[in-house]
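As structure tokens, the structure follows; a few thoughts come after it.
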Amino acid sequence: MISYQFAEHGKPLQKIVQETPKPKGTEVLMRITRAGVCHSDLHIWDGYFDLGGGKRFYVKERGCVPPFTLGHEPLGVVEALGPRAKGVKVGQKKLIYPWIGCGKCAVCKAGQDNLCVSGSRFLGVNRPGAYSTHVLVPEAKYLLDSAGIDDAFACTLACSAVTAYSAANKLPKLAKGDAVAVLGCGGLGLIAISVLRARGIANLVACDIDDAKLAAAKKLGARITVNTLDAESTKKLQGIAAALDFVGSPATAALGIAALRKGGRYVICGLYGGELVHPLPPIAQRAIGIVGSYVGSLQELKEVVALAKKGKIRRTPVETRPADAANAALEDLKAGKVLGRVVLDFESVAL
């Protein structure tokens with residue numbers, strides 16, 4: 001198998017050739033064909049998340065120790081089955097749910113692998129990921145049929161779309177015409193526009209500092225766009241019912257929370273970094289909610305795939321690049337040069 005790994009945090013990925021693993025027990029060996037490049041990959045590549053105030057969370061504490069293979073938006077073909085694997089056949093194309101928990105704790109048994117508290121096995125986070133020709137999946141239940149969906153777009157559903165969908169599930173009850181702001185129109189924010197429209201939410205306000213991304217959000221269904229570099233941006237957003245923050249910076253948090261009407265809700269998904277400093281009394285006085293949302297459950301991904309198959313989730317901009325362009329893709333993403341998503345083509349990698 002061929003993987004693109006970093007041997008040291010922050011250093012270029014290296015092409016590594018190693019023996020292809022053999023599936024054991026209930027495991028399924030997947031031949032990866034497409035792998036999305038997510039902004040979280042940058043944090044893992046750098047080795048830490050910024051907690052603000054000079055503090056950091058180092059990913060080694062989560063089990064990510066170099067050499068390591070990134071990638072948590074995987075699509076592939078079943079290549080081999082462990083002796084106890086059931087439910088799939090060799091040759092089937094499948095979308096891989098990457099947020100795999102321990103499978104034993106109460107949270108996992110309740111179907112919330114993504115919130116596992118005992119020993120998560122997240123692909124590309126603390127287990128070898130999809131920047132590779134092959135990935136081992138613990139059980140076939142984590143493989144979904146994405147037939148009818150373009151392969152490059154389908155792989156992005158495993159993180160960006162399910163993250164947006166799960167965040168939307170945490171919105172307050174909305175009346176017709178209630179405005180929802182989407183803060184950040186990168187890969188996550190753009191698919192959020194599509195997901196929210198698919199769920200019947202029409203009054204969407206797209207916010208970003210990049211006019212090209214705002215134009216893309218408009219094409220996907222945003223009713224209003226706001227460049228948040230505008231000094232009047234808070235005023236333009238005032239009275240929104242909810243804000244979905246796909247950046248997660250002090251600036252976007254301050255903007256989203258300040259613009260909420262009484263009883264509104266701010267949902268944060270983005271992991272850009274920093275800390276939130278906010279007076280406590282107004283949270284109660286305004287009866288606002290501040291909620292975190294982290295990726296999504298297996299059931300939520302199934303629902304996302306069903307919507308995509310019906311054509312209800314409009315395809316966001318996706319650029320497919322060769323697998324050996326992984327370093328350039330990460331650098332472009334870090335520089336803010338990516339519109340939508342970059343997807344790596346591992347199907348064309350010769351073994």
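The values are calculated or read from the model by the stated rules, or taken from the named source; none is laboratory data. Predicted model only: the values in this text are computed from it and were never measured. Please note: Cβ atoms are built from the backbone with ideal geometry, for glycine as well, and neighbour counts cover all protein chains shown. These accessible areas exclude ligands, DNA and RNA; they are computed on the full protein's heavy atoms, side chains included. Shrake-Rupley method; radii C 1.70, N 1.55, O 1.52, S 1.80 Å.
Things to note:
- Any hit, segment 27-41, residues being surrounded by fewer than 14 Cβ atoms within 10 Å (Cβ to Cβ) and over 19 Å from the mean Cα position of the chain (by Cα): no
- When the residues of segment 272-302 are filtered to those that are in a helix (DSSP H, G or I), open to solvent by 40 Å² or more (accessible area, probe 1.4 Å) and in contact (Cβ under 8 Å) with a residue 40 or more places away in the chain, the one that is nearest to Leu115 (Cα to Cα) is Gln299.
- Exactly one residue among Leu51, Leu75 is open to solvent by 60 Å² or more (accessible area, probe 1.4 Å) and among the hydrophobic types (A, V, I, L, M, F, W, C), and that residue is Leu51.
- Residue in segment 237-256 that is of a type in the set (Asp, Glu) and open to solvent by 30 Å² or more (accessible area, probe 1.4 Å) present: no
- All of (1) more than 16 Å from the chain's Cα centre (by Cα); (2) in a helix (DSSP H, G or I); (3) buried (at least 18 other Cβ atoms within 10 Å of the Cβ) hold for Val305 with one exception: (1).
- Sole residue being under 26 Å from Gly311 (Cβ atoms), open to solvent by less than 10 Å² (accessible area, probe 1.4 Å) and within 15 Å of the chain's Cα centre (by Cα), chosen from Ala167, Ala206: Ala167
- Subset of segment 141-164 (residues that are in a helix (DSSP H, G or I) and either surrounded by fewer than 20 Cβ atoms within 10 Å (Cβ to Cβ) or at pLDDT below 95 (or both)): Lys141, Asp151
- Test result for Glu319, open to solvent by 20 Å² or more (accessible area, probe 1.4 Å), modelled with pLDDT of 95 or more and within 22 Å of Leu183 (Cα to Cα): no
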